[in-house]
Amino acid sequence: MPDTTNSTVKDQEPTTLDAVAAITPEQRDVPRSLWNDAWHDLRRKPIFYVSSLLILFLIVISLWPSLMTSTSPYACDLGKSQMGPANGHPFGFDTQGCDVYARTIYGARASVAVGIFTTLGVAILGSVLGGLAGFYGGWWDAILSRISDIFFGIPILLGGVVILSVIKGGSITTVVGFMVLLGWPQVARIARGAVITAKQQDYVQAARALGASSSRMLLRHITPNALAPVIVVATINLGMYISLEATLSYLGVGLKPPTVSWGIDISQASTMIRNAPHMLLWPAGALSITVLAFIMLGDAVRDALDPKLR
Amino acid sequence: MGRYVIRRLLQMVPVFLGTTLLIFVMVYALGDPVAAMFGDRAPDPATAAMIRHQLYLDHPLWQQYLHYMGNIFQGDFGTAFDGQPVTQLMGSAFPVTLRLTLVAFAIEGLFGIGLGLFAGLRRGRLADTGVLGFTLLMISIPVFVIGYLLQYFVAVKWQLANPAVADGAPFGDLILPGVVLAGVSLAYVARLTRTSVAENSRADYIRTAVAKGMPRRRVTTIHLLRNSLIPVVTYLGTDIGNLMAGAIVTERIFNVKGVGFQLYQGILRQNPPTVVGFVTILVLIFLLANLLVDLLYAVLDPRIRYA
């Protein structure tokens with residue numbers, strides 16, 4: 001797939017006369033790599049900018065939530081339980097009398113942290129294990145495939161309810177650890193497939209014939225060409241991980257107080273939805289917009305890196 | 001074909017054993033089931049030892065696992081916290097969840113494929129963008145949020161449906177939970193169908209069929225749809241397991257007494273036989289559904305032959 005994009009750009013130059021006239025300087029100097037091509041494609045997409053800005057904003061407020069609110073999410077006054085918006089408290093109060101706006105802002109940290117760290121963990125663990133299995137094959141590949149089959153056999157939500165209720169942690173680290181544990185086989189499979197495809201390409205065979213060492217072939221030739229599918233899955237999954245964390249927290253096995261999480265707040269508000277829907281709507285809206293931003297970014301990255309789907 | 005099925009079934013054995021062992025070890029780490037039976041009171045040591053002996057808990061974990069697996073194949077899944085056999089709980093819970101899953105599956109297949117076909121045939125136009133936007137929203141809003149919103153608006157405010165499912169789970173009550181359960185998968189099915197239809201509608205055989213003067217309708221249903229459905233069927237098949245597991249959330253919102261409810265009770269009461277038993281059956285369904293998909297593959301696409 002990477003070479004098709006390269007070759008089309010290169011092939012067009014000498015053959016058609018009018019194409020020569022239309023060629024931009026950057027096209028003539030260097031044939032664009034897959035990454036340049038993807039970046040070029042991304043820069044023309046409004047969706048890419050919208051989602052990137054949203055994500056940037058989310059990262060900023062999860063690092064410095066006090067920028068957006070001076071109220072503490074733990075400063076609660078039971079006398080104000082379930083009251084609607086008031087001066088200085090635009091989203092109203094929850095059952096404990098805490099400020100819903102402050103809790104919505106502070107809740108971003110848990111979601112963004114879980115999403116990013118899980119994605120990093122899954123991508124690194126999955127691509128290293130899967131990549132090595134695809135490259136070396138043999139017994140290592142066989143064992144790894146069977147292990148990932150076992151993890152695949154457990155639907156992730158089911159595994160989450162059982163395993164997390166055993167661990168009883170409730171911190172961000174526990175939830176990330178669990179999600180990496182059940183998430184890596186998916187990336188490992190994709191990385192394995194991509195490495196096997198890349199391994200059979202002529203340029204890798206040529207490198208082998210020239211006497212390149214395994215590590216050189218792996219790092220210099222295979223990795224750059226097998227990375228794209230892994231990045232695509234990782235970005236798309238980021239949003240799904242955030243959604244999964246909220247679902248687990250909602251079920252009472254994910255994050256636990258005192259961590260401020262949208263999932264917990266939604267779970268607590270859900271029993272009161274008839275009396276005070278505002279308690280549910282704000283964190284739910286924030287959660288949905290966050291997941292939406294990451295999924296839109298994932299979509300844009302996939303379209304850019306996977307030219308076949310265009 | 002027959003040899004392929006046997007090979008696949010044999011391959012399922014280690015996966016099944018591995019998965020159940022993983023769950024077994026995990027659940028037995030849940031806490032002491034004997035202590036859980038006594039609630040807050042401290043059990044009499046002699047009584048506790050007796051119960052432990054009766055439940056085979058005085059053996060090492062690997063022996064307990066073998067003992068448990070041996071019992072399972074004789075149809076004995078142990079007893080739940082209230083003394084009922086787990087098989088009886090399964091008998092009441094699985095039909096309910098199965099009905100819910102069926103409703104969700106029908107909604108997912110029908111509307112997912114319909115929307116996908118609709119968008120794929122109008123690629124790049126307003127209808128296509130609309131469907132894409134709709135599916136993006138469905139994927140982004142977590143299931144339990146959609147669940148509560150629909151329950152609040154459709155059932156409570158506009159009173160178009162029951163907010164909770166009655167005992168026995170009649171199909172009429174299951175439509176709303178079914179929509180909620182199907183939501184995310186429906187969006188994926190629609191997107192997958194759309195991509196597949198859009199890709200195949202430029203294929204040579206479609207052009208040939210149109211050039212031959214075949215009616216549009218026939219070209220779309222027989223030629224285009226059948227070829228485009230191959231990746232969709234894979235997704236639908238693997239989704240059966242996810243739907244049954246995802247029912248934990250939906251069942252909680254709509255108060256359905258199905259598999260999710262029983263699993264939850266099992267975990268709350270620290271009752272290993274309930275949890276391991278239900279998870280084992282779910283894993284089995286998941287694995288069998290995957291096998292079924294691979295077999296369906298050959299039916300839909302004659303190019304794929306299993307030796």
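Once the Cα gyration tensor of segment A:226-310 is diagonalised, what are the square roots of 5 times its eigenvalues, in whole Å and ordered largest first, as equivalent ellipsoid semi-axes?
On the way: eigenvalues 210, 38, 12 Å².
Working from the Cα gyration tensor, I get semi-axes of 32, 14, 8 Å.
Would you compute, from DSSP H runs of 4+ residues alone, the mean residue ellipticity of chain B at 222 nm, taking -39500 (n - 2.57) per run and dividing by the full residue count, rounded to the nearest 500? Kindly include the intermediate steps, with their values, before the conclusion.
Working: 12 runs with 219 residues, N = 307.
Helix-only estimate at 222 nm: -24000 deg cm²/dmol.
Starting from the Cα gyration tensor of chain B, take the square roots of the eigenvalues, sort them a ≥ b ≥ c, and report rounded, prolate or oblate (rounded when a/c is under 1.5, otherwise prolate if a/b is larger than b/c, else oblate). Numbers along the way, then the final one.
Details: a/c = 3.29, a/b = 1.71, b/c = 1.93.
In terms of gyration-tensor shape, oblate.
Length gain on complete extension for the stretch B:LEU288 to B:THR208, per 0.36 nm per residue less the alpha carbon to alpha carbon distance?
Numbers: separation 80, 0.36 × 80 = 28.80 nm, distance 3.84 nm.
Between B:LEU288 and B:THR208, full extension yields 25.0 nm more.
The protein assembly as shown: Rg/Rh from Cα coordinates, Kirkwood Rh?
Numbers: Rg = 26.6 Å, Rh = 26.9 Å.
Here the Rg-to-Rh quotient is 0.99.
Once you've got the GNM for chain B with C-alpha springs shorter than 10 Å, pick whichever of B:GLN159, B:GLN265, B:GLN151 has the biggest mean-square fluctuation.
Judging by the Gaussian network model, the answer is B:GLN159.
Test of understanding: what is the full-extension gain from B:ASP301 to B:LYS157, defined as 0.36 nm times their sequence separation minus their Cα-Cα distance? Don't skip to the end; give the middle numbers.
Numbers: separation 144, 0.36 × 144 = 51.84 nm, distance 4.77 nm.
Fully extending the segment from B:ASP301 to B:LYS157 adds 47.1 nm.
With the dipole of segment B:144-256 worked out from charges on the C-beta (+1 for Lys and Arg, -1 for Asp and Glu) around the Cα centre, which of B:ILE222, B:VAL210, B:ASN242 lies farthest toward the positive end?
So the residue furthest toward the plus end is B:VAL210.
Long-range amide H contacts for B:THR79: which residues qualify at under 5 Å (H placed 1.01 Å from N, peptide plane, sequence gap of 5 or more or a different chain)?
Correct list: B:VAL86.
Work out, in µm²/s and without decimals, the Stokes-Einstein translational diffusion coefficient of segment B:62-127 at 37 °C, 0.692 mPa s, Rh from Kirkwood over C-alpha pairs.
Values: Rh = 15.8 Å.
Value of D from the Cα-based Kirkwood radius: 208 µm²/s.
Using the beta-carbon distance between A:TYR49 and B:ARG217 and R0 = 45 Å, what value does 1/(1 + (r/R0)^6) give for FRET efficiency, to the nearest 0.05?
On the way: r = 42 Å, r/R0 = 0.93.
My answer for the efficiency is 0.60.
So, R0 is 56 Å and r is the distance between the beta-carbons of A:SER66 and B:ALA127; what FRET efficiency does that work out to, to 0.05? All intermediate terms of the calculation are to be shown ahead of the outcome.
On the way: r = 46 Å, r/R0 = 0.81.
Computed FRET efficiency for A:SER66 and B:ALA127 comes out at 0.75.
When the expected Rg is taken as 2.2 N^0.38 Å, what fraction or multiple of it is the alpha-carbon Rg of segment A:112-234?
Dividing the Cα radius of gyration by 2.2 N^0.38 Å gives 1.20.
Mind listing the phi-derived Karplus ³J(HN,Hα) values for segment A:135-150, rounded to whole Hz, using 6.51, -1.76 and 1.60 with θ = phi - 60°, and x for any glycine or proline?
Once θ is set to phi - 60°, the couplings for segment A:135-150 become 6, 8, x, x, 5, 4, 5, 4, 5, 4, 5, 5, 4, 5, 4, 4 Hz.
I want to verify the translational diffusion coefficient of segment B:164-260 in µm²/s; compute it with Stokes-Einstein, Rh as the Kirkwood radius over Cα pairs, at 20 °C and 1.002 mPa s. Can you show the working numbers first?
Values: Rh = 15.7 Å.
Using the Kirkwood radius from Cα pairs, D works out to 136 µm²/s.
Stokes-Einstein at 25 °C, 0.890 mPa s, Kirkwood radius from Cα pairs: D for segment B:196-307 in µm² s⁻¹?
Working: Rh = 17.1 Å.
It diffuses with D of about 143 µm²/s by this estimate.
Below 8 Å between Cα atoms, with a sequence gap of 6+, how large is the relative contact order for segment B:55-155 in percent? Walk me through the numbers on the way to the answer.
On the way: 25 pairs, mean separation 9.0, N = 101.
Taking the mean separation of contacting Cα pairs over the length of segment B:55-155, I get 9 percent.
Report the calculated FRET efficiency for A:TRP139 and B:GLU199 (r = Cβ-Cβ distance, R0 = 41 Å), to the nearest 0.05. Mind dumping the intermediate values first?
Details: r = 38 Å, r/R0 = 0.93.
Efficiency, from the Cβ-Cβ distance: 0.60.
In whole angstrom, and with the biggest value first, how far do the Cα coordinates of segment B:3-159 range along each principal axis?
74, 54, 25
Taken together, the values in this text are just the output of simple stated rules run on the coordinates, not laboratory data. Keep in mind it's a predicted model, so treat the numbers as computed, not measured. Cβ atoms come from the backbone with ideal geometry, glycine included; neighbour counts cover every protein chain shown.
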